[in-house]
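Structure first, then comments.
The values are calculated or read from the model by the stated rules, or taken from the named source; none is laboratory data. Nothing here was measured: the structure is a model prediction, and the numbers come from that model. Please note that ligands, DNA and RNA were not included when accessible areas were found on the heavy atoms of the full protein model with its side chains. Shrake-Rupley method; radii C 1.70, N 1.55, O 1.52, S 1.80 Å.
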Amino acid sequence: MNFLKEKIDFLRKSDDQFHVEFYLPRCQERVLELMGELKYPIDEVRKYAGTIKSYFVKESLAKIELDYGNLNESLAIYEELAEREEQRWGRNEYREKLMHIYKDYGNQEKYFENLKLAMRAAVGNMELWEEYKSNFSKEDWPAAREEIFGVIKKTDYRASSWYAEEDRYDLVMDIVESCEDTDLIKAYEKKLKKLYPDRCLFVLSAKADRVAHDGNKRSEYRKLAGLLRWIQRYPGGDEVAEERAEKYRQAYPRRKAMLEELMKF
């Protein structure tokens, strides 16, 4: 504690602004943590916390409040942090911490409320999905699952992992089409190609058209050729690839590098 206080005094006298802004709050945060470990009076701890200019100081204080047994005070700080985090960055770190605190202290209603809020902020997080699923019986699960699916935006590609986990490849395919996401086709192609070959072929063809239109160098034309080879792996794909290649040859006759890449088709 004495070492840190000496360091803080030294930093306050320093002319190096970056050094001060970077190290001063870190030394102060460590002092705050020590105050909690040494069980300083909570009013003194709170007062010192108020002098620290750092985003992370509130969490340090929340941990101390919880360690002192001040559950409501700790929860209030975490609630503030969670709301700020969601509004500014769309993350759910503090929401998850709230969720676990409520669970540890037996408040099932607030635990479940925060679990669902965390899931909305972190769509696709499989740990949260398994946590949510563990709260339902086999009979109740379908309705609970659809409740969550009902609030997810149709274009939110992050949800694909949840949809695939529940064998809802119809919803995965909807995302693929709405976003023209060929990466999702690649990730779930074994299922999507079997269930929706024509819809996959349409998305791949649209992607090829866009690459052909926007491309202006050899690497992009190679990507275009790769898309056409991919298209060939689908039923009727040979004909589609040949038609697309001829279409591009007619549309862009001066793109020599493109014509060379398309010769194979």
For PHE149, PHE56, the accessible-area ranking with a 1.4 Å probe, largest leading, is PHE56, PHE149
Scalar couplings 3J(HN,Hα) for the range 187-198 by Karplus 6.51 cos²θ - 1.76 cosθ + 1.60 (θ = phi - 60°), nearest whole Hz, x for Gly and Pro, are 5, 10, 5, 4, 7, 5, 5, 6, 8, 9, x, 5
Only one of the listed values, [x] 37, 21, 15; [y] 54, 29, 11; [z] 36, 21, 18, was derived from the coordinates as semi-axes √(5λ) of the Cα gyration tensor in Å; which label is it?
-> [y]
Over 29 Å between C-alpha atoms is what I'm after, so list which of LYS190/LYS223; LYS39/LYS103; LYS154/LYS256; LYS97/LYS133; LYS103/LYS191 land there.
-> LYS154/LYS256; LYS103/LYS191
Length released on extending from ASP238 to GLU109, taking residue separation times 0.36 nm less the Cα-Cα span = 40.8 nm
Tabulate in residue order the Karplus-calculated ³J(HN,Hα) for the range 115-120, using 6.51 cos²θ - 1.76 cosθ + 1.60 with θ = phi - 60°, rounded to whole Hz; enter x for Gly and Pro.
-> 4, 5, 5, 5, 5, 5
How large is ³J(HN,Hα), in whole Hz, for each residue of the range 72-85 in order, when computed from phi with the Karplus curve 6.51 cos²θ - 1.76 cosθ + 1.60 and θ = phi - 60°, using x for Gly and Pro?
-> 4, 5, 5, 4, 4, 5, 5, 4, 4, 5, 5, 5, 5, 5
Could you work out which residue, out of ASP174, ASP67, ASP16, moves most in a Gaussian network model of the chain, that is, has the largest mean-square fluctuation with Cα springs under 10 Å?
-> ASP16
If contacts are Cα pairs under 8 angstrom and at least 6 residues apart, what is the relative contact order of the chain in percent?
-> 7 percent
How much accessible area per residue does the chain have, in Å², with a 1.4 Å probe?
-> 59 Å²
Calculate, in nm to one decimal, what ASN216 and TYR252 gain on full extension: separation in residues at 0.36 nm each, minus their alpha carbon distance.
-> 11.9 nm
For the chain, built as a Gaussian network whose Cα springs stay under 10 Å, the top-fluctuating residue of ASN92, ASN70, ASN114 | ASN70
Any aspartates and glutamates whose Cα falls less than 13 Å from that of LYS110, other than same-chain ones fewer than 8 residues away, would be GLU79, GLU96
For LYS5, LYS58, LYS190, write out the residues from largest to smallest accessible area, computed with a 1.4 angstrom probe and no ligands counted.
-> LYS190, LYS5, LYS58
Okay, helix-only estimate at 222 nm for the chain: each DSSP H run of n ≥ 4 adds -39500 (n - 2.57), divide by all residues, round to 500 deg cm²/dmol; what do you get?
-> -23000 deg cm²/dmol
Can you grab the distance from the C-alpha centre of the range 198-243 to the C-alpha centre of the range 56-79, Å, no decimals?
-> 55 Å
Using alpha carbon centers only, the range 149-189 is separated from the range 119-139 by a whole-angstrom value of 17 Å
For LYS53, list the lysines whose Cα falls under 19 Å from its own Cα; do not include residues on the same chain fewer than 8 positions away.
-> LYS5, LYS7, LYS13, LYS63
GNM result for the chain, Cα springs below 10 Å: residue of ILE64, ILE42, ILE148 fluctuating most strongly = ILE42
